[in-house]
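The values are calculated or read from the model by the stated rules, or taken from the named source; none is laboratory data. Since this is a predicted model, take the numbers as computed values, not measurements. When we count neighbours, we look across all protein chains shown, and the Cβ atoms used for this are built from the backbone with ideal geometry, even at glycine.
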Amino acid sequence: MVKEIGIGLGLATLIFLGVQGFNVIPIVFFGVMAYVLLNLMDARSGMGTGKVGQIKSQKSTTTIPGVTFQDIGGQESAKKELCEALDFIKDTDKIKNMGIRPLKGILLSGPPGTGKTLMAKAAANLIGSVFISASGGEFIEMYAGVGAKRVRQLFANARDQARKSNANNAVVFIDEIEVLGGKRGSHSSHMEYDQTLNQLLVEMDGLSIDDEVRVLVVGATNRMDILDSAILRPGRFDRIVKVDLPDKEGRLHVLKIHTRGKPLGEDVSLEKIAQETFGFSGAHLESLTNEAAILAWRAGEKKIGQKHFKEAIDKVMMGEKLDRKPHVDELHRIAIHETGHALIGEMVNPGSVSTITITSRGQALGYVRHNPQDDIYLYTKDYLENQIAICLAGAAAEELMLGNRSTGARNDFAKATDLAKNIIFSGMTDLGVVTEKDLPANLKHQEMTRIIREQEERVKEILDKRQDTIQVITEKLLKEESFSGEELRELLEQCKVA
Ligand code: ATP
């Protein structure tokens, strides 16, 4: 309304000045320019009242989220810690009597897809609170001051939504908080970043137990190392909850949650799938169950079988099958290469091969999937040397059977050198305890070459004695394209007997 009156008055003045004989063209020109500029800034900063004024992805919900802690698999210690922290918000009267300062912020830290957003939603559900979410990236613009304004808007929006829903609490969830909470002064356009972070700190400092709507800030990050210390100091995010990749039990729990309501075949063993998926996050596991269902549906089957899950693991790990069909000679070389990996894998770690295939997927022309018997978090020297041997076995088999190597072993060598470095810098060589920074490059190179040569000799010796076995496995691979670890072990037994 004020805007319209202003425009009306401006036009009247212009007409009056024109009638009086003034040259109004420059005034009109600058006026139009200023109007366009103001409107643009308005839209950018979110000050406007229309749609553009909203933070696009503040997926605000006027209801309390339906996700509960029962919908989150594994993460038992994270759940426990989070629930304990939430007690301070649920029982405000009790904590007030004890003179306890309520929590203002909880920071969830962990790799992507481990369920941090789910946790924040479940937290909101537990305390009967509305849930407002935004991502760190949404606050940052080229223009100074825009981010700070958006932070203010976010908190105002949270209070508004809570009032509308008759809730006393609101959970403000900020994903990728490192984007706006990174160390101050470290960004090129640091004024904007710093102002945004300062505004978040101001908002958090202003939160009080006596507020009409109590706001809890839940931040999520997978880069704790780059967060500004101000954000982590007590009184702001004073609970830091680690949300890690799930262990075997956790993976089983997540699988059970995501197979609820899906028709599973008699042969499906979720335990086995949990065992084979070391390193998978909750999001990977959700995708795995979905892919398995799609594969079963495409095959026209009514139930999802173990074979669908097995193929889905490969798909989630390596990517979609490619139509690319290598030339027969190349396929023969790939089969020999993969046989080398599988054979050494079974020798150094019996029962570890899960699948061997020459089907191209993602970047790989073929691959051998190994599955650990148990989750491993610490590696011994023997283990690392065995892993190097497995990496080198593909190229060694090619050299032995075809007389030369190919570029297919490049990734294997990169892995082998990383493993060798791990041995050196974990103090497992005669060099003693050394750091990467202090060890001269030539010494590092010498030691890496020695470790790799030793394993290369070992692999060559094993393969040399088993050329017939390599031949048999290669032929089966060329015929069937892919088979399981169990079939490989049966074949190895037959070769031993023959
Ligand atoms: P990011 O850091 O990438 O934002 P995140 O840690 O917030 O990821 P979520 O968005 O919570 O991860 O999880 C993504 C999806 O993965 C969920 O919708 C859910 O389907 C599945 N998921 C992840 N973790 C779990 C879990 N622990 N239990 C059940 N499902 C899970």
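Tell me yes or no: at least one residue of the stretch 425-445 is over 25 Å from residue 337 (Cα atoms), touching a Gly at 6+ places or on another chain (Cβ under 6 Å) and surrounded by fewer than 16 Cβ atoms within 10 Å (Cβ to Cβ). Yes, some residue in the stretch 425-445 is over 25 Å from residue 337 (Cα atoms), touching a Gly at 6+ places or on another chain (Cβ under 6 Å) and surrounded by fewer than 16 Cβ atoms within 10 Å (Cβ to Cβ). Within the stretch 93-107, the residues that satisfy the criterion of being β-branched (Val, Ile, Thr) and surrounded by fewer than 18 Cβ atoms within 10 Å (Cβ to Cβ) are 95, 100. Of the residues making up the stretch 223-251, those that are more than 11 Å from the ligand (Cβ to nearest atom) and either among the basic types (Lys, Arg) or under 19 Å from residue 280 (Cα atoms) (or both) are 233, 236, 239, 242, 247, 248, 249. Quick check on the stretch 276-288. Is at least one of its residues within 16 Å of the ligand (Cβ to nearest atom), touching a residue at least 24 places away in the same chain (Cβ under 8 Å) and over 18 Å from the mean Cα position of the chain (by Cα)? No, the stretch 276-288 has no match at all.
For the stretch 84-126, what are the residues that are part of a helix (DSSP H, G or I), more than 9 Å from the ligand (Cβ to nearest atom) and either free of Cβ contacts under 8 Å to residues at least 24 places away in the same chain or in contact with a helix residue (DSSP H, G or I) (Cβ under 7 Å, 6 or more places away or on another chain) (or both)? Correct list: 84, 86, 87, 88, 93, 94, 95, 97, 122, 123, 126.
The number of residues in the stretch 237-275 being more than 19 Å from the chain's Cα centre (by Cα), buried (at least 21 other Cβ atoms within 10 Å of the Cβ) and closer than 28 Å to residue 178 by Cβ comes to 1. Within the option set 268, 316, being within 13 Å of the ligand (Cβ to nearest atom), at negative phi and touching a Phe, Trp or Tyr at 6+ places or on another chain (Cβ under 9 Å) holds for one residue only, 316.
For the stretch 129-180, taking the residues that are within 16 Å of the ligand (Cβ to nearest atom) and of a type in the set (Gly, Ala, Ser), the one that is surrounded by the fewest Cβ atoms within 10 Å (Cβ to Cβ) is identified as 137. Would you be able to say whether some residue in the stretch 279-290 is in the same structural domain as residue 72 (by TED's automatic domain parsing) and aromatic (Phe, Trp, Tyr)? No, because not a single residue in the stretch 279-290 is in the same structural domain as residue 72 (by TED's automatic domain parsing) and aromatic (Phe, Trp, Tyr).
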